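Beneath this line is the structure, given in structure tokens, with notes to follow.
The values are calculated or read from the model by the stated rules, or taken from the named source; none is laboratory data. Model, not experiment: these values are computed from the prediction. Here the Cβ positions follow ideal geometry from the backbone for every residue, glycine too, while neighbour counts run over all protein chains shown.
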Amino acid sequence: MYVANRASDKITQLTDNVYLCRSGSAADSQVVSDYVRYFLHQHIIQLGQPATVKVAANLIRQLSYNNKNMLQTGLIVGGWDKYEGGSIYSVPLGGTILQLPFAIGGSGSSYLYGFIDQAWKEGMNKEEAEALVVKCVSLAIARDGASGGVVRTVVINSEGVTRNFYSGDKLPLWHEELPLRNSLLEEASSEVEPMRA
Amino acid sequence: MLLEGSNRRIHAVHNHAGMAVAGLAADGRQIVARTKSEATSYENTYGEPIPIKELCERVASYVHLCTLYWWLRPFGSGVILGGYDRDGPQLYMIEPSGVAYRYFGTAIGKGRQAAKTEIEKLKLSEMTCREGVIEVAKIIYGVHDEAKDKAFELEMSWICDESKRRHQKVPADLLEEAKEAAKAAQEDMDAD
């Protein structure tokens, strides 16, 4: 596996009120999200009102299922609409669609199933939920070699959308792993004291 | 000579929507078939029951299509579409020209002018669907001219909270109740 960019933005916007978390093949997930953004846009024009999360998730699911032989991407659709409030739909590799109160995906998610089953509670407020998400991702980064870089969060509710960014070096460490450090070349050339382990 | 119930005018187009047809029966059948197809294809694509407004617009543009080309003739029938979706119950009427509006009450076919006048007298916002069914029966009987028009068969369907938001034929007992009330009202009028 080759990671081209460990700071990429994997949370893409489908509409004002619906976002998509992408995992797996970057190209596949980008192409699927582009198609769905296009279909949703037309749907919104026709309907004359914002799209529902369910419709967005179903369009994602249709593409994922019908092209299952060619695609390798796990997707999570999350958003807010006036009928259901906030909702989350998971569309993993084969193209199933599952509505869930919370969902996880990506290679690092294997390490999180036990944790999140225990830590997630019904009725958490915005701050608690965001803190839980950041904790989850940082735990995954600690264990999964393919996870790392930064943590990005997007909060969507009736009031709108808020994006947050947590840089890798600010995240808590869990298992005495080495802290993030700058490139050794940079340190050598500027004669700065290296960070202590 | 005609078998009762064999001249269906009201059709279910999906579990949450029904359509009443007036005019050429064969043309009406085409419209209903198209509506059913639009409703199912929307649900297959988007995973939710088609919003009634969207369904109306699709049917209207299909009807309108047949007014655009010289090699197509316009539909010889109009329809009234009633349905219940997430925005509540809605009523639409699509005319042969392709024009479609949303209504709180409307009528189509022979005697529609008189029927519309009667409907306008009703206080729709203060009625339940059950009460509405009875009032509508009275109007139909009232508008029917014994001397000039042929005998008719009353066919009613409803879609409301009481019918669990599904389109269904009005239950037999309510239909009887409505017919009785309508006949009684006729007698009162004749007695005057």
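Pairing residues of the range A:6-22 that are farther than 15 Å from residue A:87 by Cα and of a type outside the set (D, E, K, R) with residues that are modelled with pLDDT under 95 and surrounded by 14 or more Cβ atoms within 10 Å (Cβ to Cβ), at Cβ distances under 7 Å and at least 6 apart in sequence or on separate chains, gives A:7/A:149; A:7/A:150. In a residue-by-residue description of the range B:76-89, the property of being in contact with a Gly (Cβ under 6 Å, 6 or more places away or on another chain), closer than 22 Å to residue B:26 by Cβ and part of a loop (DSSP other than H, G, I, E, B) applies to at least one position. Beta carbons closer than 6 Å, at least 6 apart along the sequence or on distinct chains, pair a first residue in the range B:61-73 that is surrounded by 13 or more Cβ atoms within 10 Å (Cβ to Cβ) with a second that is not in a loop (DSSP other than H, G, I, E, B) for B:62/B:34; B:63/B:94.
Per this entry, residue B:5 is counted among residues that are of a type in the set (Gly, Ala, Ser) and not in a helix (DSSP H, G or I). Within the range A:35-70, being in contact with a strand residue (DSSP E or B) (Cβ under 8 Å, 6 or more places away or on another chain), surrounded by fewer than 22 Cβ atoms within 10 Å (Cβ to Cβ) and over 21 Å from residue B:50 (Cβ atoms) holds for one residue alone: A:37.
Output the residues belonging to the range A:73-95 that are surrounded by fewer than 17 Cβ atoms within 10 Å (Cβ to Cβ) and either hydrophobic (A, V, I, L, M, F, W, C) or touching a helix residue (DSSP H, G or I) at 6+ places or on another chain (Cβ under 6 Å) (or both). The one that is surrounded by fewer than 17 Cβ atoms within 10 Å (Cβ to Cβ) and either hydrophobic (A, V, I, L, M, F, W, C) or touching a helix residue (DSSP H, G or I) at 6+ places or on another chain (Cβ under 6 Å) (or both): A:93.
Can you tell me which residues in the range B:30-64 are of a type in the set (D, E, K, R), part of a loop (DSSP other than H, G, I, E, B) and more than 10 Å from every other protein chain (Cβ to nearest Cβ)? Within the range B:30-64, no residue meets the criteria.
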